[in-house]
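The values are calculated or read from the model by the stated rules, or taken from the named source; none is laboratory data. Predicted model, so just to flag it, every value in this text is computed and none were measured. So basically every Cβ, Gly included, is an ideal-geometry build from the backbone, and we count neighbours across all protein chains shown. Only protein heavy atoms, including side chains, enter the accessible area calculation; ligands, DNA and RNA are left aside. Shrake-Rupley method; radii C 1.70, N 1.55, O 1.52, S 1.80 Å.
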Amino acid sequence: MFALGIDPGLTRCGYGAVVQERGGPRLVASGHLATSPADPLGERLAVLLGDLEELFADLQPDVVVVERVLFQVNARTAMSVGQASGLALAVAGRRGCPVEQYSPNEVKQAIAGHGGATKEQMQRMVQVLLGLTTPPRPADRADALALALCHLAGARLRAAAERSESGQYPGPRAAAR
């Protein structure tokens, strides 16, 4: 499975593409798409839309994973995150690509083992999980990679559960007999 994580933002929209292979997850691409705060909002949204369309066309992910924003103290930040998120969801929908959303706490729980992990802990865990020589920076890249890793980890568990329910996987008790 090939997952593209999107950490939405209008000034900086992080992305991280990860493929699940037999040996574990492998980094395919990461970076960020940027717009200038000095430009009018409509132009910024148009630039981000075009960049997202190009990114999706280049990478052709199996699934797009977008951060679900549940709460923001700053209303202005919440609006720009929501606008960027909406563009990513629309591009995925237009391409027929499934979308999954996770809250920051769900991602932290899946990657670091606890929902209160710091940015530095998340960057370090992404580094370890992907076998990188240094932690991914800036934080929006690490967050996007963590989103993709979170989904891939859950996908492995869901697949095992489906095999178990269908009788294809005997489960630990049957294997111990």
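Conditions first: (1) assigned to a loop (DSSP other than H, G, I, E, B); (2) modelled with pLDDT under 95. Thr133 passes all but one, so which condition is the exception?
(2)
Yes/no per residue for (1) among the basic types (Lys, Arg); (2) open to solvent by less than 50 Å² (accessible area, probe 1.4 Å); (3) over 16 Å from the mean Cα position of the chain (by Cα):
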residue: Gly23; (1), (2), (3): no, no, yes
residue: Ala34; (1), (2), (3): no, no, yes
residue: Ala38; (1), (2), (3): no, no, yes
residue: Arg68; (1), (2), (3): yes, no, no
residue: Ala92; (1), (2), (3): no, yes, no
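Condition check ((1) open to solvent by 50 Å² or more (accessible area, probe 1.4 Å); (2) under 22 Å from Pro37 (Cα atoms); (3) in contact (Cβ under 8 Å) with a residue 24 or more places away in the chain; (4) not aromatic (Phe, Trp, Tyr)) across all residues:
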residue	(1), (2), (3), (4)
Arg76	yes, yes, no, yes
Ser85	no, yes, yes, yes
Glu100	yes, no, yes, yes
Ala110	yes, no, yes, yes
Val128	yes, no, no, yes
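Could we say that Gly31 is in contact (Cβ under 8 Å) with a residue 40 or more places away in the chain, small (Gly, Ala, Ser), under 11 Å from Leu145 (Cα atoms) and in contact with a Phe, Trp or Tyr (Cβ under 7 Å, 6 or more places away or on another chain) here?
Taking the combined requirement at face value, the residue satisfies it.
From the set of residues in region 63-106 that are modelled with pLDDT of 95 or more and β-branched (Val, Ile, Thr), which is nearest to Asp51 (Cα to Cα)?
Only one residue fits best here, namely Val91.
Would you mind listing the strands (runs of 3 or more DSSP E) fully within region 1-41 where at least 3 residues are closer than 17 Å to Gln123 by Cβ?
12-21, 24-34
Looking at region 7-21, which of its residues are over 16 Å from Val47 (Cα atoms) and open to solvent by less than 30 Å² (accessible area, probe 1.4 Å)?
Matches in region 7-21: Asp7, Gly16, Ala17, Val18, Val19.
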